[in-house]
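Derivation of every value follows stated rules applied to the coordinates shown; laboratory data play no part. Here the structure is a predicted model, which is why all the values come from computation and not from measurement. Note that we place each Cβ from the backbone using ideal geometry, even for glycine, and neighbour counts take in every protein chain shown.
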Amino acid sequence: MNKKFTPVCCDGISPLRKIAAIHDLSCFGRCALTVIMPALSAMGNQVVPVPTCLLSSHTGGFDDLYFRDLSDSIEEIADHFDRLELKFDAIYTGFLGSAGQIAHVKDFISEFANERTLVFVDPVMGDDGRLYSTYTNELMLGMKELCRHADIITPNLTEACFLTDTEYRSTHGMSEEELKGFARELCDKLEKTGAKRIVITGLAMGEDKLSVCGKDTGTGEFIFYSFDRVMKNYPGTGDLFACVLLGSLIRGDRFETAIKLSSDFTRRVMRYSARFDTPAREGVAFEAFLGDIASPSPRP
């Protein structure tokens, strides 16, 4: 049975929801918290950041950057939140910098989630069939364990394969029916993690199409959505997709609606960024489009 996440006040406008976002903070280059905070705020949420690490920029295309692991800070932030007796409507986790952070995140979920809290895990691990260089085997096993605490997980194709011990296969040459079959097979395997909803991104079909699939394990609903591919790669687009998906679900949108909204919004800002030749390492220029996903303002 799916949780209900949208308490509504008497005039029909949902009150602000409080979301803890446990992610890295990269000062330059749109990704992680610098994407998540404005997007989820525009969708009518109070975003409470819990930084896992601090970087002067993200790692895609930049050299000699500043990096600081904030593992100890997570625990101290959580201690203060505990004294404040905070609870969250959603807890959203993304990139984790070390295996030790898995335990911190699990403790955070245990302390600050209640029966109505949506636990949303984006298992940021790798791409193109390879794990990121920061990923150790211990961290990968920890991410598998963290997914067991999630209501929804959003791996890309690479991450879905690693989480299920499935040999990575490029999907470029698959027909639509073959791709649907492979995607459904991965969703069925990921269901064993215990997640109630599963979304897999980055399913390429030929050179000009991308697909996203989703499965609601409670109802058995399987969703497969394809769209034209933007022929440019930008860091942070996975973060943008995931946070818009979360924002849509937590305000009460249907699962299929949330998948299509997050896919279409991400593609729209990518097309805009590519049109004006935005440097890839700066991420997508999404700021002008926040009104497209904004929730209505409550009346006084």
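For ARG116 and GLU177, a Förster radius of 41 Å and the Cβ-Cβ distance give a FRET efficiency of 0.55, rounded to the nearest 0.05. Overall, the range 24-135 carries a charge dipole of about 280 debye about its Cα centre when +1 sits on the Cβ of Lys and Arg and -1 on the Cβ of Asp and Glu, all other atoms neutral. The Cβ shell under 12 Å around LEU186 holds other residues with a net charge of 0, Lys and Arg each +1, Asp and Glu each -1. For THR257, the shell of other residues with beta-carbons less than 11 Å away shows a net charge of 0, using +1 for Lys and Arg and -1 for Asp and Glu. Placing +1 on the Cβ of every Lys and Arg and -1 on the Cβ of every Asp and Glu, with no other charges, gives the chain a dipole of roughly 840 debye about its Cα centre. Expressed in units of 2.2 N^0.38 Å, where N is the residue count, the Cα radius of gyration of the range 18-114 is 1.08.
Peptide packing for 130-142, 258-270 was compared via the average number of neighbouring C-beta atoms within 10 Å per residue; ordered from the highest value, the list is 258-270, 130-142. If you bin all the Cα-Cα distances of the range 258-300 at 5 Å, starting from zero, the percentages per bin are 5, 20, 25, 20, 13, 8, 4, 2, 1.
How large is the dipole of the range 142-300 about the Cα centre if only Lys and Arg carry +1 and Asp and Glu carry -1, each at its Cβ, rounded to the nearest 20 debye?
340
Extent along the principal axes, Cα only, for the range 17-288: 54, 42, 37 Å, with the longest axis given first. Pairs of alpha carbons in the range 197-300 separated by more than 23 Å make up 30% of all such pairs. Between the listed residues LEU210, ILE293, THR59, the Cα displaced farthest toward the positive end of the dipole of the chain, a dipole computed from Cβ unit charges relative to the Cα centre, is found at ILE293.
Pairs of Lys residues in the range 178-300, spaced 8 or more positions apart or belonging to different chains, with C-alpha separations under 27 angstrom: 18 in total. Exposure proxy for ARG197, ARG229: other Cβ atoms within 10 Å of each Cβ, ordered fewest to most, give ARG229, ARG197.
Per-residue ellipticity at 222 nm from helix content only, as computed over the chain with -39500 (n - 2.57) for each DSSP H run of at least four residues, stands at -11000 deg cm²/dmol.
Taking other residues whose beta carbon is less than 13 angstrom from the beta carbon of LEU65, and scoring Lys, Arg as +1 and Asp, Glu as -1, yields -1.
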